[in-house]
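First comes the structure, then the notes that go with it.
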Number of protein chains: 2
Amino acid sequence: MRAVDIIIKKRDGLVLSRAEIEFFVQGYAAGRIPDYQASAWAMAVLLKGMDEQETTDLTLAIAGSGEVLDLSGVVDLAVDKHSTGGVGDKTTLVVEPVVAACGLPVGKMSGRGLGFSGGTLDKMESIPGFRTNLSTDEFLDHLRRIGVVLTGQTADLAPADGKLYALRDVTGTVPSMPLIASSVMSKKIAGGAQAILLDVKIGLGAFMDTVAEGRLLAERMVAIGRLSDRCVIALLSDMNQPLGIAVGNALEVKEAIDTLHGGGPADFHEHCLEVAARLLLLGKTAVSLEDGRRQALAVLEDGRAWDKFRTLVAAQAGDVAYIDDPSRLPSAPIVEEVPAQRSGWLAQVHARIIGETAVELGAGRASKEDPIDHGVGILVHHKVGELVEAGQTLFTIYARSQPEASSARLRLEQSLAWSTEPVPPLPLFYGIVE
Amino acid sequence: MRAVDIIIKKRDGLVLSRAEIEFFVQGYAAGRIPDYQASAWAMAVLLKGMDEQETTDLTLAIAGSGEVLDLSGVVDLAVDKHSTGGVGDKTTLVVEPVVAACGLPVGKMSGRGLGFSGGTLDKMESIPGFRTNLSTDEFLDHLRRIGVVLTGQTADLAPADGKLYALRDVTGTVPSMPLIASSVMSKKIAGGAQAILLDVKIGLGAFMDTVAEGRLLAERMVAIGRLSDRCVIALLSDMNQPLGIAVGNALEVKEAIDTLHGGGPADFHEHCLEVAARLLLLGKTAVSLEDGRRQALAVLEDGRAWDKFRTLVAAQAGDVAYIDDPSRLPSAPIVEEVPAQRSGWLAQVHARIIGETAVELGAGRASKEDPIDHGVGILVHHKVGELVEAGQTLFTIYARSQPEASSARLRLEQSLAWSTEPVPPLPLFYGIVE
């Protein structure tokens, strides 16, 4: 078998066999197949596509490029949750303690933010001391003892994915349905998940612009689950405007803490309840969606979800004094409110512009090596469909300097569109694929 | 400007600007743009295409990646000839001395054979001592003094082409019309040509299978000429069966010598006359095609073409004793005739199979470093459309060993298709694009 023949086959629109896909992925991971062949192949995949079986074979080959965790001795049913990434998406910080508090253990390996989309690990590192580099043994030990873990992916988990993603990033081969789907699913499968809830974000602040695109991606990932004997469901959720109010690392941790205490913004609270209920049902801890919602609501209201979060933070060496008193979390020196210059209904609160503005303030990275400022960010006080009066606060900017705050203000004002007529609110969800 | 954005633009089917193409080619030639970006870009070009202006910009950028010869002080009008490659195509060995003998100086930088297609330099190196590594100064000096040169491309001529071709060869990105057209044309333009005759081979033993494909390639190269102020015409010629009788290096030199003495196989003789006449017209040495044919025929018949070939060989340190007595040229120890087992009309004499068999005998290279055996090869005694009686000789095999001869015989027998009904002969030419 020769790599060039596999490239040619895909270039000509033919279907690759499992053996060919394994040969290519294993060869690339081992360095026998060079980057220049992998990038030509990725471009051919992007332009010619892959069917469900090919995408599944690719997913399993990538998962099998490193260690594949076996959680069967640790939990009854290994569940996992993955968001395709958005602005203000701190769902994991709430949902994980909630479902663990309901008795469904969940160990999650998360990623860092890149581009305008925030990363769960970056958010958790707002808490001084919090470790995101647990070993596999620590991961398994925490999962067994306290039923909740939130750490980074170990280097040996699906190493072909990391290598391929870095290559795709510089060769124009990121936006390919089979490559995105296999990247997401390979990491979940390598992490030992048997049941997976996918939160597919759709809209201006997501990688998928339209519901049709998001649904295609969701369907593809659910098909991978079916063909690889994993139970997978996908929620299609809105990411035209930020989720919740807070965008920025410590700000989002504070919002998650509010929500774990039973409060938090209404949209975020509802989003977390829905995701938690689906996860409980998937993990067979709830008998119905209604039962799942009831259980989740109960642990949020009686403090068990909060306790579980506190246990998680303490177990991973985070200083709980900072979450017990969130005002101690990092905060930027300049805090500036942006009032509305006019009245009207909000027709657009552009998630991507807000996400990019947060990155410019220092909340995210332009490249992988950039440091993060955990204290900066933006509070977004209004949602699409709300009637705002002139003078009401639209945004609160947390910046390192006045010039940065002023620059952010100019961009944020461009993120809004106004209407003189009432505008319907955006839905939280567009549907579910299962 | 970023390489990845240029890749993305082409991936999305958009037209690249001259500045973008120059940035990419210069960056790649200089090593600033890595192979893995160039291969993804090449795949996008293959699958999305390039228009005539893009292909011209690419051609000029590749030509400009190294030295560009200026022949204006050396010849009145710099003409060149290029064949896209075929089996038994020793046209240059005859046509170049013919047109030079008619008073049109022609300096040609040729290539080596790769795959089933033979290379002019390999053929000439059958003549002991013949140098194919002239310096640029020697090239210009010979062209000025004797009006005829036949040497290898210097390393600094269109270096981006060599680098890109090697990459395309291992990334499944060879069969792309704009990449093939720009590769051919960039070398001709870097070599200083102002008028170019292209011999586009079409058929089973060519890179272009069909007349439609060959015509597209020809049209694209003629368009590059128009957009870059070079005069370009393209002949579409048959390569379903080998050209002439001889396939293999010394065998082809002998056939070229026969032809230069006014003999040679009828199809090859006619092919050379047509190409020479077109070249003389292009170089303004003939006033019409008929005048060109008349001049070419005259120098073949009165010995001036042969004298010019002898002068060429001597000037490049070849031992003329070997061409004065071609029986001294390298010849393989085993010579085996293959008689027809049946009678019938030949419906196919598969050029590619014959070319591949010659390579297996040692006449060509499987990879760039392989040595060549100048003495081996095949004589193909019959053409499509001929009536062959059982017992007549179909092939003469020149091999290094009996097992190699037997193996070749088996393959050669598969190259033929027979008919019990008369079959029309194949045309020499399918048309001309100008």
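The values are calculated or read from the model by the stated rules, or taken from the named source; none is laboratory data. A quick note: this is a predicted structure, and the numbers were derived from the prediction, not measured. Glycine also receives a Cβ, built like all others from the backbone with ideal geometry; neighbour counts cover every protein chain displayed. Just so you know, the surface numbers come from the protein's heavy atoms only, side chains and all, with ligands and any DNA or RNA stripped out. Shrake-Rupley method; radii C 1.70, N 1.55, O 1.52, S 1.80 Å.
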Stokes-Einstein D for the protein assembly as shown (4 °C, 1.567 mPa s, Kirkwood Rh from Cα pairs), in µm²/s, comes to 41 µm²/s
For the range B:213-219, Karplus-derived ³J(HN,Hα) couplings (6.51, -1.76, 1.60; θ = phi - 60°; whole Hz; x for glycine and proline) come out as 5, x, 5, 4, 4, 4, 4
So what is the calculated 222 nm ellipticity per residue for chain A, using -39500 (n - 2.57) for each DSSP H run with n of 4 or more, over all residues, to the nearest 500 deg cm²/dmol? -14000 deg cm²/dmol
Place the label 7 angstrom along Cα→C-beta at B:VAL335 and in each other copy, then list the distances from the first to the rest in nm, shortest first. 10.1
Roughly speaking, what is the centre-to-centre gap between the range A:92-142 and the range B:94-171 when only Cα atoms are used, to the nearest Å? 65 Å
Report, in degrees rounded to the nearest 10, the 0 to 90 angle that the Cα long axis of helix B:177-190 makes with the longest principal axis of chain B. 90 degrees
Under a Cβ-only charge scheme (Lys and Arg +1, Asp and Glu -1), can you give me the dipole magnitude of the range A:330-419 about the Cα centre, in debye to the nearest 20? 160 debye
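How would B:SER343, B:SER183 line up by accessible area, probe 1.4 Å, largest first?
Details: B:SER343 55, B:SER183 10 Å².
Correct descending sequence by accessible area is B:SER343, B:SER183.
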In order through the range A:89-101: 3J(HN,Hα) via Karplus (6.51 cos²θ - 1.76 cosθ + 1.60), integer Hz, x for Gly, Pro: 8, 10, 4, 4, 4, 9, 5, 5, x, 4, 5, 5, 5
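My understanding is that a pair violates if its Cα-Cα distance is over 20 Å; which of B:LYS123/B:LYS368; A:LYS48/B:LYS48; A:LYS187/A:LYS308 do that in this structure?
Numbers: B:LYS123/B:LYS368 16 Å; A:LYS48/B:LYS48 11 Å; A:LYS187/A:LYS308 25 Å.
As for pairs spanning more than 20 Å Cα to Cα, those are A:LYS187/A:LYS308.
Around B:ILE202, under 12 Å between beta carbons, what's the net of Lys plus Arg minus Asp minus Glu among the other residues?
On the way: positive: B:LYS201, B:ARG215; negative: B:ASP199, B:ASP209, B:GLU213, B:ASP238.
Charge balance in the 12 Å sphere: -2.
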Could you pull out which residues in the range B:314-339 have an amide N less than 18 Å from a spot 7 Å beyond the Cα of B:GLN402, following the Cα-Cβ vector? B:332-339
For the B and A pair, go ahead and give the buried accessible area with a 1.4 Å probe, both sides summed, in Å² to 100. 1600 Å²
Express in Å², to the nearest 10, the accessible area of A:GLU389 obtained by rolling a 1.4 Å probe over the protein heavy atoms while all chains stay in place. 100 Å²
A:ASP325: accessible area at probe 1.4 Å, nearest 10 Å²? 60 Å²
Under 15 Å from the Cα of B:LYS90, which aspartates and glutamates turn up, not counting those fewer than eight places away in the same chain? B:ASP122, B:GLU125, B:ASP199, B:ASP238, B:GLU252, B:GLU255, B:ASP258, B:ASP267, B:GLU270, B:GLU274
So for the range A:71-324, averaging the separation of alpha carbon pairs under 8 Å that are six or more residues apart and normalising by length, what relative contact order in percent results? 30 percent
For the range A:183-235 and the range A:1-28, compute the distance between their C-alpha centroids and round to whole Å. 24 Å
Note down the accessible area of B:TYR322, probe 1.4 Å, to the nearest 10 Å². 50 Å²
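Before anything else, pin down the relative contact order of chain A: Cα pairs under 8 Å, at least 6 apart, normalised by residue count, whole percent. Please report the intermediate quantities before stating the final value.
Working: 945 pairs, mean separation 85.3, N = 434.
Relative contact order, chain A: 20 percent.
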For A:VAL106, list long-range residues whose amide hydrogen, built 1.01 Å from N in the peptide plane, is under 5 Å from its own amide hydrogen. A:VAL148, A:VAL149
Could you tell me which of B:GLY248, A:LEU235, A:LEU346 has its Cα farthest along the dipole of the protein assembly as shown towards the positive end, charges placed at Cβ (Lys, Arg +1; Asp, Glu -1), taken about the Cα centre? B:GLY248
Shortest first and in nm to one decimal, what separations exist between B:VAL68 and its copies in the other chains, measuring from label points 7 Å along the Cα-to-beta-carbon line? 5.7
In Å and on Cα atoms, what radius of gyration and Dmax does the range B:51-176 show? 15.6, 46
Using a 7 Å offset from Cα along the direction of the beta-carbon, what are the separations from B:ALA30 to the same position in each other copy, nm, ascending? 3.9
